[in-house]
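Right, one structure below, let's go through it.
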Amino acid sequence: MEVKKISTISVAEAAARIREGGVVAFPTETVYGLGANALDSQAVQKIFDLKGRPHTSPLIVHAASIEMAKDLAAEWPPIADDLAGRYWPGPLTIVVAKAPLIPDIVTAGLKTVGLRIPSHAVALQLIEAAGVPIAAPSANKFTHLSPTTPEHVYQEFGDAVEILDGGPCKVGIESTVVSVVGNKLTLLRPGMIRIEAESASTPQGAHPSPGMHARHYSPRTRLFLVTTPAELPDRRGAYLWRKKSGITARSVRMPALPAEYAARLYETLHQLDHENWPWIAVELPPDTAEWRAILDRLRRASR
Ligand code: TXA
Ligand code: MG
């Protein structure tokens, strides 16, 4: 793959863009986000235009402090306080009743908003310097793989989006999303922070969560899941597994620990997608709680 040196902007420049009503890509510990001032509906509209994202998909609003997050919520139930105290800053999004100052476009008309304080130092610096909460989905086009490096963002948007570089994302897959509306805990999207809660089995009402679209987070190359190498159709493709290697034309040995596996997953899929293999097969990880989020993303990537 040709490596192009991409130009990036500083925290101060990115903060100025946000204040001017522009859009910037910025790092978080999970994936890169495509951010705009969450209180400016015209700025947020630009995110939807760039991503080709349907208006029925609500965005996560990123804050730099609990005080800033609470100002965006109409209610802050005890469970929210408990979860925020335990996991913020970090890869957890908490859905609560929204304050009126958040424009409808951010929440897809829902009366709730997803809030998160990221733990990436550069993300926190950006939100603080901008002085406003930042609405941001992952910085990829709708249904594509999430980006975990500035290069992934550049491959997706080219010069149309300015990028704040924070290095590769350490968590590597999107945040856990929970609802605490009415002080009732519901899991909306599994992530690397494991929360024991009832999952929302079907998308709620007229506004399905985009994380629940069956086809989401997909590479362009056909991807499928297997339990043994015997299920591979031939030897011509790329195979990701956690033990030996050398069985197919391209073999990638993935880490045995879930946290390391997650950190490498999208990076690996982006890379293999560029190499144009006829297929990508992935060995199914164990069906245990610590692999749940990874399994969820792999299922969505396969079609
Ligand atoms: O790690 C992450 O969460 C990344 C970084 C940039 O923070 N962002 C991200 O955003 O993954 P996005 O737009 O790709 O996914 C947002 C998820 C979706 O599953 C969406 O349905 C859910 O959050 N969500 C946001 N607001 C919601 C709300 N009010 N009610 C229910 N689900 C909501
Ligand atoms: Mg996304």
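For the chain, go through all pairs of different Cα atoms, get the mean of 1/r, take its inverse, and jot down that Kirkwood value in Å. Mind dumping the intermediate values first?
Numbers: mean 1/r = 0.0511 Å⁻¹.
After inverting the pairwise mean of 1/r, the radius is 19.6 Å.
What is the mean projected area of the alpha carbon convex hull for the stretch 6-77, to one decimal in square nanometres? All intermediate terms of the calculation are to be shown ahead of the outcome.
Numbers: hull surface 25.3 nm².
In nm², the orientation-averaged hull projection of the stretch 6-77 is 6.3.
For the full complex of protein chains and a 1.4 angstrom probe, list 120, 62 by accessible area with the highest value first. Don't skip to the end; give the middle numbers.
Working: 120 30, 62 10 Å².
Putting 120, 62 in descending order of accessible area: 120, 62.
I'd like to compare 225-235, 109-119: which one has the highest average count of other Cβ atoms within 10 Å, and what's the full order after that? Don't jump to the answer; show the numbers that get you there.
On the way: 225-235: 11.8, 109-119: 21.7.
For the peptides 225-235, 109-119, the packing ranking is 109-119, 225-235.
Below 15 angstrom from the Cβ of residue 173, what's the summed charge of the other residues (Lys, Arg +1; Asp, Glu -1)?
On the way: positive: 116, 170, 189, 194, 264, 292, 297, 299, 300; negative: 29, 174, 260, 267, 290, 296.
So the environment of residue 173 carries a net charge of +3.
Going by the alpha-carbon gyration tensor, a ≥ b ≥ c the square roots of its eigenvalues, is the stretch 57-175 rounded (a/c under 1.5) or, if a/c is not under 1.5, prolate (a/b greater than b/c) versus oblate?
Working: a/c = 1.88, a/b = 1.51, b/c = 1.24.
Prolate, because a/c is 1.5 or more and a/b exceeds b/c.
Of the lysine pairs in the chain, how many meet both conditions: Cα atoms under 16 Å apart, and a spacing of 8 or more in sequence or different chains? Kindly include the intermediate steps, with their values, before the conclusion.
On the way: 46/141; 51/141; 70/98; 70/111; 98/111; 98/184; 111/184.
Lysine pairs meeting the criterion: 7.
Please identify the GluC sites (Glu not before Pro) of the stretch 1-71 that satisfy two criteria: DSSP loop assignment and at most 13 other Cβ atoms within 10 Å. Which are they? The partial results should precede the final answer.
Working: sites: 2, 13, 20, 29, 67; in loops: 2, 20, 29.
Filter output for the stretch 1-71: 2, 20.
The values are calculated or read from the model by the stated rules, or taken from the named source; none is laboratory data. Every value quoted in this text rests on a predicted model; they were computed, and no experiment measured them. Cβ sites come from the backbone with ideal geometry, for glycine too, and all protein chains shown count toward neighbours. Accessible surface areas use protein heavy atoms only, side chains included; no ligands, DNA or RNA. Shrake-Rupley method; radii C 1.70, N 1.55, O 1.52, S 1.80 Å.
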